[in-house]
Amino acid sequence: MTRWLDPDEQRTWRAFLAASRALMETLDRELQRDAGMPHAYYEILVRLSEAPGRELRMTDLALATGSSRSRLSHAVARLEAAGWVRRRDCPTDRRGQFAVLTDEGFAALAAAAPGHVEGVRRHLFDALSPAQVDQLRRLSESLVDHLGVDRPLS
């Protein structure tokens, strides 16, 4: 038997969808305008910048960013063309590759980060009270735990 959403649940669901979609579209549009990159590329650069040696196996990077391997491969090819990432073969697995953040990619990330962080602050945190921020974190962590998200969050 289908457990239909009651009116309050439906309103909550639709508000959640609209808010999350609008936030991500706004941040993506701002990154495109200000830094010439979509949010997905920004996340790849961030993940690489935080990794030891500024490199990750492609499979680990796909998992960390929630991308399919083919989507990640396409994105890394674009980042390679920009000179921001390079690939290197895995010495222990002939089929494996690493994505490596270049100095140019780190500089592009460093240039994009202040505007992006300001956008996150302006569009998310400034709209919420400290108590709401805490609630949002706890709710988000509960959903991540419930859904079994296995990619690193930090």
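The values are calculated or read from the model by the stated rules, or taken from the named source; none is laboratory data. Keep in mind that what you see is a predicted model, and the values were worked out from it rather than measured. FYI the Cβ positions are ideal-geometry reconstructions off the backbone, even for glycines, and counts take in every protein chain you see.
Quick one: which residue in 133, 144 is modelled with pLDDT under 95, assigned to a helix (DSSP H, G or I) and surrounded by 13 or more Cβ atoms within 10 Å (Cβ to Cβ)? Lay out the reasoning, then the answer.
Working: 133 fails: modelled with pLDDT under 95.
Being modelled with pLDDT under 95, assigned to a helix (DSSP H, G or I) and surrounded by 13 or more Cβ atoms within 10 Å (Cβ to Cβ) holds for just one of 133, 144, which is 144.
The one condition from (1) among the hydroxyl-bearing types (Ser, Thr, Tyr); (2) surrounded by 13 or more Cβ atoms within 10 Å (Cβ to Cβ); (3) modelled with pLDDT under 95 that residue 102 does not meet is (3).
Condition first: in a helix (DSSP H, G or I), surrounded by 11 or more Cβ atoms within 10 Å (Cβ to Cβ) and of a type outside the set (Lys, Arg). Now tell me which residues in the stretch 118-130 satisfy that. Talk me through it step by step, then tell me what you get.
Filtering the stretch 118-130 down to residues in a helix (DSSP H, G or I) leaves 118-123, 125-127, 130.
Next cut, surrounded by 11 or more Cβ atoms within 10 Å (Cβ to Cβ) only: 118-123, 125, 127.
Residues satisfying the conditions are 118, 119, 120, 123, 125, 127.
Taken over the stretch 26-82, the criterion of being β-branched (Val, Ile, Thr) and in contact (Cβ under 8 Å) with a residue 40 or more places away in the chain is satisfied by 26, 44, 46, 65.
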